[in-house]
Every structure is written in C-alpha cells, then in structure tokens.
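Following: one structure in structure tokens, then a few remarks.
Since every read-out is calculated from the coordinates, none of them should be taken as a lab result. This structure is a prediction, so every number in the text was calculated from the model and none was measured. Cβ sites come from the backbone with ideal geometry, for glycine too, and all protein chains shown count toward neighbours.
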C-alpha cells in the first residue's frame, strides 16, 4: 500500500469525517423523534409510535458513538499501554444493544398489542403523512452523509461498498449507515401501515407495520453487535495488509523465512503486529539488532496503520512453533497462497 493510499484510508476513517457523520445523524434523529412522537400521540398509530421509538434508539446510539469517538482518541498510558482505541468498539457494541432494547422491543410490543387489541381509530391522519414525509427528507440527508463516507472509504480501500462495510474497522460509519438505511425502510413500512389502516379501517396493518419495524431493528442490532464483538475479542487485521506485510518481510535480505505473523486490531486504523522471523544465521547479535530497527522503521513508513511492532527471531525448524502456526492457519504463513 502506498503512503498516499494509506493517507486516504486514514482520512476516510478519521475522527473528523466520522464525527460529522454522527452529528448529522444525531441532529436529524432528535428532530424526527419529536415529530414522530407527536404524530403518534395525535393519530393513535402504532406504527408512528414504533417509529418514534426507532428514532429515540437512533438518537441514543449517536450519543454513544460520539462518546466512542472521543474516548478512543485518548493516548496510551501506564494502565493501557496499547491505548484506548477499542473504546470505539465497546461503545458501538453498547449502541447496538440500545437499538434492540429501546427501539426493537418497544416496536414489537406495540405491534403485537395493536394486532391483538383489535380495531383502533386513527385521527388526524394527515399529521402522520406530513411527519413521515418530513422524516424521509431528514433521514435522507443523514443517509447521504453516511453513504458519502462509505463511498470514500471503499474507494480508498479499492473495494466495493459492500466489501468495505463488511471489513471496515470503523464501527461508527457502519452503525450510522445501517441505522439510516433501516430508518428509511422503517418509514416506508410505517407509511404502508398507516395507509392500509386508513383504506381498510383495520388496525391490523398498523400493528403489522410496527411489528416489522421491530424485527428490522432487531436484525440491524444483531449485525452491529456481531461486528463489534469480533473487534473486541481481538480480530485479525485486514488480510490484504497481513499478506502485504508478510511479503515485505520475506523480501528482506536478513530474513530467511517468515515463521509466524500475528496481528490484532487495537482501534480504527491501529494494528498490533508480532512477526516471528528466521533470520540469516550469519548475522551477529549487533547485526540482528540493527536489522530489527531497520525493519521496524521500514514497515512503519510503508504501513502507517501499524501501531505496535514486535519482531522475534526464532528458528524455522522448531516443531512446537510450526505446530502452533499450522493449528492457527492450516499451513505455513510463509507460503504465497492465502490461508
């Protein structure tokens, strides 16, 4: 990866653009939540109340994401020598839980209550349509900001938007994008529920829309929770980075073989690297020290996302070491084929 490309990746994942995306979503959802709540109370629509809960959940989520952005930038200290980058993953996981607890559960409950409860009269139906229209515009503005960041990130990584969303280590942009996408779908469901209730006079459709909104939010919460769980546990860095680093190490004249290569995400655009290398036996102790310093400097210059680098000289024919590598990857890490 070139320095220019790495810089572009840092820009696309950086706190500035992520913060702007979250702030736009926060402002939009706070205003939309108030409008939906008023509309739900005035019209008696379960779908509108479910959408109000949806917006409340989204607003709480954005607040948690802002906390994640701020706390994850704290510098390393004695108690946390690898820094606080994983704070972003933790708060994003809490945000996923918030979506489920404060949004999905209420929407599901309201939907079931309306379906079982029978007919409920809607009043001031025009209020619901007006609020849904205004909400779609505001949510669309927020979604466009999130989509813009997804496009810039995918372009910097030379990936499609879907590939970028699957692999990105920035949970804020992924959370906002999925939230806003679910919000737009939820508005369509609410519109269908309100419209069908008006046409048929049956509250079943209103309740069904609320239930579907709850299930939609449950799906989004699950996807985001699973993503952040993997990052918190200690996920490997992007495979393309791993293989690029392996190839650079293998090309070094001092390195006879790359025996093992361990990576872990420490935060957004922050990777811990541990490389176990079989070095040239002709090197003396001073030569090994100089080689390690030079390798560290070269890797940091070419791969700015490498935050901590540990180099360990080991013999390639050590059976215990080879067994651990084979157990982890299924083959020697030094082979050119992807594991």
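Please determine, in degrees from 0 to 90 and to the nearest 10, the orientation of helix 105-117 with respect to the longest principal axis defined by the Cα atoms of the chain, where the helix direction is its Cα long axis.
30 degrees
Out of 298, 175, 43, any idea which swings most in a Gaussian network model of the chain, alpha carbons joined below 10 Å?
So, out of 298, 175, 43, the one fluctuating most is 298.
Where does each of 60, 173 land when they are ranked from fewest to most other beta-carbon atoms within 10 angstrom?
In increasing order of surrounding Cβ atoms, one gets 60, 173.
Give me the Å³ per residue figure for the convex hull around the C-alpha atoms of the stretch 239-329. Provide the component values of the computation, followed by the final result.
Numbers: hull volume 8.3 nm³, N = 91.
So the per-residue hull volume is 91 Å³.
If you restrict to DSSP beta bridges whose two residues both lie in the chain, what percentage is antiparallel, to the nearest 5?
Working: 10 of 17 bridges.
Close to 60 percent.
Could you tell me the ratio Rg/Rh of the stretch 208-271? Both radii from Cα atoms, Rh via Kirkwood.
On the way: Rg = 19.4 Å, Rh = 14.8 Å.
Rounded to two decimals, Rg over Rh is 1.31.
Pick from 219, 103, 284: which residue has the top mean-square fluctuation in a GNM of the chain where Cα pairs under 10 Å get a spring?
284
Taking other Cβ within 10 Å of each residue's Cβ, how do 197, 157 sort, fewest first? Walk me through the intermediate numbers first.
Values: 197 29, 157 20.
Lowest to highest Cβ neighbour count: 157, 197.
Considering the chain as a Gaussian network with a 10 Å cut-off on Cα pairs, which listed residue, 296, 287, 260, attains the greatest mean-square fluctuation?
Looking only at 296, 287, 260, the biggest GNM fluctuation is shown by 287.
Based on the alpha-carbon gyration tensor of the stretch 21-111 and its eigenvalue square roots a ≥ b ≥ c, which shape applies: rounded if a/c is under 1.5, prolate if not and a/b is larger than b/c, or oblate? Write out the running numbers ahead of the final one.
On the way: a/c = 5.70, a/b = 2.51, b/c = 2.27.
Note, shape of the stretch 21-111 comes out prolate.
Can you give the angle from 0 to 90° between the axis of helix 46-72 and the longest principal axis of the chain, with both taken from C-alpha atoms, to the nearest 10?
Once rounded, one gets 30 degrees.
Given only helices, namely DSSP H runs of n ≥ 4 each adding -39500 (n - 2.57), what is the per-residue ellipticity at 222 nm of the chain, to the nearest 500 deg cm²/dmol?
Calculated from helices alone, the mean residue ellipticity at 222 nm is -23500 deg cm²/dmol.
How many percent of DSSP beta bridges within the stretch 239-329 run antiparallel, rounded to 5? Don't skip to the end; give the middle numbers.
Details: 10 of 17 bridges.
DSSP beta bridges in the stretch 239-329 are roughly 60 percent antiparallel.
For helix 125-156, report the angle its Cα long axis makes with the longest principal axis of the Cα atoms of the chain; keep it between 0 and 90° and round to the nearest 10°.
Here the helix axis deviates by roughly 10 degrees.
Which percent of Cα pairs goes in each bin when the distances of the chain are cut into 10 angstrom slices starting at zero?
6, 23, 25, 18, 13, 9, 5, 2, 0
Which whole-percent values make up P(r) of the stretch 169-295 when all C-alpha to C-alpha distances are grouped in 5 Å steps starting at zero?
2, 9, 13, 11, 10, 9, 8, 7, 6, 6, 5, 4, 3, 3, 2, 1, 1, 0
Suppose R0 equals 51 Å; then what is the FRET efficiency for residue 74 and residue 318 from their Cβ-Cβ distance, rounded to the nearest 0.05? Don't skip to the end; give the middle numbers.
Details: r = 39 Å, r/R0 = 0.76.
So the FRET efficiency works out to roughly 0.85.
Based on the Cα coordinates of the stretch 85-189, what is the per residue volume of their convex hull in Å³?
115 Å³
Using only Cα atoms, locate the centre of the stretch 220-284 and the centre of the stretch 141-171, then give the distance between them in Å, rounded to an integer.
23 Å
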